[in-house]
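Working notes, beginning with the structure itself.
The values are calculated or read from the model by the stated rules, or taken from the named source; none is laboratory data. In this text, all values refer to a predicted model and were calculated from it rather than measured experimentally. Every residue, glycine among them, receives a Cβ derived from its backbone with ideal geometry; neighbour counts consider all protein chains shown.
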Amino acid sequence: MTGSLRLADRIALVTGAGQGVGRGIALALAGEGAMVAVVGRTLSKLESVAAEIVARGGRALALVCDVKDLSSIESVIGEVVDRFGGLQILVNNAQEVPIGTLASITDEAFTAGWESGPLAVLRTMRAARTHLSARGGSIINLASPAAMRWDASGYGAYGAVKEAIRQLTRAAACEWGREGIRTNAILPLADSPAMAGWTKARPEEAATFVATVPMQRVGDCEMDVGRFVANLCSDDCRYVNGQSIAVDGGQAYLG
């Protein structure tokens, strides 16, 4: 890694980074020179991603964290700051997905979606705020185009927690922009394990959905989503704040 890279000497923390979109974002940030804390629940997966980053010439740290637990969030942010010397980029990607009709979704599933989604995002942003404002920082929160579906049948609970994240994103952008913290949300469509699981479980529904993507393909976690996030965190996007951006080949219309 060299000083010419756009995120050189910046420190990033990515939750849910052991696989899928989180992994792709972590790899892309490291590719632009960031030191990346790869955070999640399964240490073996995190260590594998960290090893990939190191093999490419980057710096990474694998840390276990349960984003549904405030003390775990505060502990991991403290460790990142202690080990790397600060924090400039926070990516809130971790999410337990509550899928099901309103009649069938359990309280437990919806609570898990809430606690791992908007509540975790709020807690993580607040815990990282002081560090992000010290040198100017960027927060990227993960929303979902699933909340934009014209037929929300079966996706009400998932859409609800993801839309709550978008509102928290907008509020943080407005409240903390003067502190030098930019906060944006992305709505990605990517070839993640969750996408693969959906395709396997509901092949006809998935095929119909992909057919509505103008670019006629599902995005790559690193090359399409990760690289966009790296760009959004760079000084090239220093005036972009409070936005929800679909990274989905044109499928969602945010109006």
Going through segment 187-239 in order, the residues found to be farther than 17 Å from Ile99 by Cα and of a type in the set (Gly, Ala, Ser) are Ala190, Ala207, Ala211, Gly219, Gly226, Ala230, Ser234
Taking helices (runs of 4 or more DSSP H) that fall entirely within segment 166-248, which contain at least 2 residues that are under 20 Å from Ala28 (Cβ atoms) and hydrophobic (A, V, I, L, M, F, W, C)? 193-201, 227-233
Could you please let me know if Gly180 is modelled with pLDDT of 95 or more, over 17 Å from the mean Cα position of the chain (by Cα) and not β-branched (Val, Ile, Thr)? yes
Scan segment 137-163 for residues that are closer than 16 Å to Ile99 by Cα and either in a helix (DSSP H, G or I) or in contact (Cβ under 8 Å) with a residue 24 or more places away in the chain (or both) and report the count. 17
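For segment 1-40, what are the residues that are assigned to a helix (DSSP H, G or I) and closer than 16 Å to Leu232 by Cα? Please lay out each step first, then the result.
Within segment 1-40, the first condition is being assigned to a helix (DSSP H, G or I), and the residues that meet it are 20-31.
Of everything in segment 1-40, those that are assigned to a helix (DSSP H, G or I) and closer than 16 Å to Leu232 by Cα turn out to be Val21, Gly22, Gly24, Ile25, Ala26, Leu27, Ala28, Leu29, Ala30, Gly31.
Condition check ((1) touching a residue at least 24 places away in the same chain (Cβ under 8 Å); (2) in a helix (DSSP H, G or I); (3) small (Gly, Ala, Ser)) across all residues:
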position: Ser48; (1), (2), (3): yes, yes, yes
position: Gly78; (1), (2), (3): no, yes, yes
position: Leu87; (1), (2), (3): yes, no, no
position: Thr101; (1), (2), (3): yes, no, no
position: Trp114; (1), (2), (3): yes, yes, no
position: Thr124; (1), (2), (3): yes, yes, no
position: Ser133; (1), (2), (3): yes, yes, yes
For segment 95-124, the count of residues that are farther than 22 Å from Pro188 by Cβ and either among the polar types (S, T, N, Q) or touching a strand residue (DSSP E or B) at 6+ places or on another chain (Cβ under 8 Å) (or both) equals 4
What are the residues in segment 161-193 that are crowded, with 19+ Cβ neighbours inside 10 Å and among the aliphatic types (A, V, I, L, M), if any? Val161, Ala164, Ile165, Leu168, Ala172, Ala173, Ile181, Ala185, Ile186, Leu187, Leu189, Ala190
Give me the pairs: first residue in segment 210-235 and surrounded by fewer than 19 Cβ atoms within 10 Å (Cβ to Cβ), second residue in a loop (DSSP other than H, G, I, E, B) and polar (S, T, N, Q), beta-carbon distance under 9 Å, and six or more apart or on different chains, which are they? Val210/Gln216; Val210/Gln251; Thr212/Gln251; Val213/Gln251; Pro214/Gln251; Met215/Gln251
